[in-house]
1. Taking +1 at the Cβ of each Lys and Arg and -1 at the Cβ of each Asp and Glu, which of Met141, Gly70, Pro60 sits farthest along the dipole of region 1-152 towards its positive end, judged by Cα position relative to the Cα centre?
2. To the nearest 20 debye, what is the magnitude of the charge dipole of the chain about its Cα centre, counting +1 on the Cβ of each Lys and Arg and -1 on the Cβ of each Asp and Glu?
3. Roughly what angle does helix 139-151 make with the longest principal axis of the chain, taking Cα atoms, 0 to 90 degrees, to the nearest 10?
4. Looking at the chain only, what percent of DSSP beta bridges run antiparallel? Nearest 5 please.
5. Rank Met170, Met141 by accessible area, highest first, at a 1.4 Å probe radius?
6. Given the DSSP H assignment, sum -39500 (n - 2.57) over each helix run of at least 4 residues in the chain and divide by its residue total; what's the result at 222 nm in deg cm²/dmol, nearest 500?
7. How are the C-alpha pair distances of region 140-229 spread across 10 Å bins, as whole percents from the shortest bin up?
8. Which order do you get for Thr62, Thr194 if you rank them by accessible area with a 1.4 Å probe, largest at the top?
Amino acid sequence: MTVPLDAHVVLRGVAKRFGDGPPVLAQVDFAVQLGSFVSLIGPSGCGKSTLLRMIAALSPATSGEILIDGRSPERGQPGVAFIFQEPTLLPWLPVQANIEVPLRIRRVARAERERRAAEMLRLVRLEHVRGHYPRELSGGMKMRVSVARALVQSPRLLLMDEPFGALDEMTRHHLNEELLEIREAERWTAFFVTHSVAEAVFLSDRILVMAARPGCIVADVPVPFAYPRGPELREQRDYHDLVDRVAQLLRAGEKGEGR
Ligand code: ADP
Ligand code: MG
């Protein structure tokens, strides 16, 4: 497969194995344009987290090439933010200070830090707990702080590894809608790992369906619904039809079809 080299993120022939273990990912090829929202969906263990970690340069590819803006990614590079499955907040800092951490690392002046953090607190609806410590928050609230901490960096590339998997459905819906609202203003490229087909269809303009052993992409599905998208999308017939189709592709991939 040939992939265009001028895309925001390019993977060419990327494979991964840990030590002399079995191949975890085999021959992953795709290119993603700036501003695209791509979901990765696939069975547990198919290498979704590994793929995101490689794009973030947290783990090297065994072979193949990964390019962000035409260059190999570097760990902690500006413009790339990661939201992990766990909120990973610093327990000794209150909410607002946690959100400011990436800005402190980049030596952003205090007034600007506070302005950006306040904006993020508003976006994730946590203004009322800005002075609370992580231990005082519910799991869902901690994850919202984690989202705010990523977005405060004004990323161009946002890598999210099942960020809302632990939230109740209503909160998840709400955060999905907020995430798209924020994206209207900021337009980062998103990679979003999820177990929820419905969430993938709601958020993305493209869904990469994966299969396991070894991990590979078995379907590349465009999502045609125009942005901005609101909760009414979840009531549309063609939305549900697409959710059904992606779920089918996922099942087919698990059975080893389409390889
Ligand atoms: P997913 O996120 O899709 O559930 P992962 O990327 O976490 O899958 O893992 C894919 C495979 O790679 C699994 O079989 C897992 O056990 C293995 N794996 C992940 N990280 C490591 C590691 N650091 N060392 C060895 N094996 C690993
Ligand atoms: Mg994972």
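1. Met141
2. On the way: 34 positive and 32 negative charges, 171 e Å.
It comes to approximately 820 debye.
3. 90 degrees
4. Antiparallel bridges make up about 50 percent of those DSSP assigns within the chain.
5. Working: Met170 160, Met141 45 Å².
Output order, biggest surface exposure first: Met170, Met141.
6. Details: 7 runs with 89 residues, N = 259.
Value at 222 nm, helices only, nearest 500: -11000 deg cm²/dmol.
7. Pairs per bin, as whole percents: 15, 50, 30, 6.
8. Numbers: Thr62 80, Thr194 5 Å².
Heavy-atom accessible area, descending, gives Thr62, Thr194.
The values are calculated or read from the model by the stated rules, or taken from the named source; none is laboratory data. Just so it is clear, the model here is predicted, and its values are computed rather than measured. Cβ coordinates were reconstructed from backbone atoms using ideal geometry, including for glycine residues, and neighbour counts include every protein chain displayed. Just so you know, the surface numbers come from the protein's heavy atoms only, side chains and all, with ligands and any DNA or RNA stripped out. Shrake-Rupley method; radii C 1.70, N 1.55, O 1.52, S 1.80 Å.
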